[in-house]
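Enquirer: Have a look at this one before I ask anything.
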Amino acid sequence: MRGILFAFVFVGLGVAAARAQSPMPGGMPPPSGMSLAQSAAMRFPQPVRVGDLLHRLVLRPVEAQTILGRVRAVVRNAQGDILVVMSYGGFMGIGGRSIAVPVDAMVLLGQDMEVVAFTPQQLAAFPTYTGSGTMTVPDDTTIKVGLAKPSH
């Protein structure tokens, strides 16, 4: 009887903990009036080698974690902003076209990345990345990327 009661309480606590988690997986878009950089600073930015970001899957921050694309490069624009060049569209991160997303709009989630500040519809409206006005950030460069909590 004691074992059954313990199991019931343990399962009940697990359900309560699952319900207590935020319904917003990964990160959240910046609140109105907050810049991407200010929002990214609240996501515990961690140092990451650029080379370690290449080829990671880029996911949509929802429980289903739809694959949006793959990281192709990290570049710096003329204003000094760091952008993650990712394939967008296609199937399971293969194919599609390249777009450049501000690194502050993305977070790390294990071995993957998530875009947290733009919807898939907004990403579809991004211009195709051509490389004009940017320079590739060397693979051995360390940049900071925010962290996401798992959505499930």
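Enquirer: Any idea how far apart Arg49 and Gln122 come out in nm if each label point goes 7 Å out from Cα toward Cβ?
Expert: About 3.2 nm separates the two model spin labels.
Enquirer: Just to check I understand the Karplus step: with θ = phi - 60° and J = 6.51 cos²θ - 1.76 cosθ + 1.60, what whole-Hz values come out for segment 98-113, glycine and proline as x?
Expert: Going residue by residue, I get 8, 10, 10, 10, x, 4, 5, 8, 10, 9, 8, 9, x, 8, 10, 10 Hz, with x marking Gly and Pro.
Enquirer: Excluding Met86 itself, what net charge comes from residues whose Cβ is under 11 Å from its Cβ, given Lys and Arg +1 and Asp and Glu -1?
Expert: +4
Enquirer: Non-local amide H neighbours of Val101 (under 5 Å, H modeled in plane, Pro and chain starts lacking H): which ones?
Expert: Val84, Val85, Met86
Enquirer: While we're looking at this one, here's another question. With the convex hull built on the Cα atoms of segment 68-148, state its orientation-averaged projected area in nm².
Expert: 5.4 nm²
Enquirer: Sticking with this structure for a sec: Using amide H atoms built 1.01 Å from N in the peptide plane, name the residues 5+ places from Val137, or on other chains, whose amide H lies under 5 Å from its own.
Expert: Close amide H contacts, sequence-distant or interchain: Val74, Val75, Arg76.
Enquirer: What is the local net charge at Gly51, summed over the other residues whose Cβ is closer than 10 Å to its Cβ (Lys, Arg +1; Asp, Glu -1)?
Expert: With Lys, Arg at +1 and Asp, Glu at -1, the net is -2.
Enquirer: Additional query: Under 15 Å from the Cβ of Ala73, count the other residues' Cβ atoms, weight Lys and Arg +1, Asp and Glu -1, and hand me the total.
Expert: Its environment carries a net charge of +2.
Read-outs throughout are calculated quantities, based only on the coordinates presented, and are distinct from any laboratory measurement. Given the structure is predicted, the values throughout are model-derived calculations rather than measurements. Positions of Cβ are backbone-derived with ideal geometry, glycine not excepted, and every protein chain shown enters the neighbour counts.
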